1. Among 103-114, 70-81, how do they line up from the highest to the lowest mean number of other beta-carbon atoms within 10 Å?
2. What is the extension gain from residue 109 to residue 53, computed as 0.36 nm multiplied by their sequence separation minus the C-alpha to C-alpha distance, in nm to one decimal?
3. Based only on other Cβ atoms within 10 Å, what is the fewest-to-most ordering of 84, 102?
4. Starting from 0.36 nm per residue, how many nanometres of slack lie between residue 21 and residue 93 once their C-alpha separation is accounted for?
5. List 30, 45 from most exposed to least, where exposure is judged by having the fewest other Cβ atoms within 10 Å.
């Protein structure tokens, strides 16, 4: 049974690595399509390349105003920085509630710099009436 558990875990890890590799491939293909001159990715060509690579998988691409992208593939999120760098999921911090924002604030005020991390605001947070 332990062997089967390790095999399943290994297969999931390989699947995640393949997705990351394919996202990097889409970044390169999109850059080539834009003659490699674009400082930031073209949202339209990047999404087209992702859809070509991932086919029928559930895929959503959100283009951010800073030139970065949030990609969701089968409910898993990937972040591509404005310099075309794919950020590891372990380096993404999502904040979607007032409580999470306060905890983040307190952690930063306690000295955690979150250097190397990407902080994503996942919803509009209303702070009126909050401290």
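1. 70-81, 103-114
2. Working: separation 56, 0.36 × 56 = 20.16 nm, distance 4.26 nm.
My answer for the length gained is 15.9 nm.
3. Values: 84 19, 102 15.
Placing the least packed residue first, the sequence is 102, 84.
4. On the way: separation 72, 0.36 × 72 = 25.92 nm, distance 2.17 nm.
Stretched out fully, the residue 21 to residue 93 stretch lengthens by 23.8 nm.
5. Working: 30 22, 45 17.
Least to most surrounded, the residues fall as 45, 30.
Throughout, read-outs are computed from the coordinates displayed, never taken from laboratory work. Quick caveat, the model's predicted, so the values are computed rather than measured. Every residue, glycine as well, gets a Cβ built from its backbone with ideal geometry; the counts of neighbours run over all protein chains shown.
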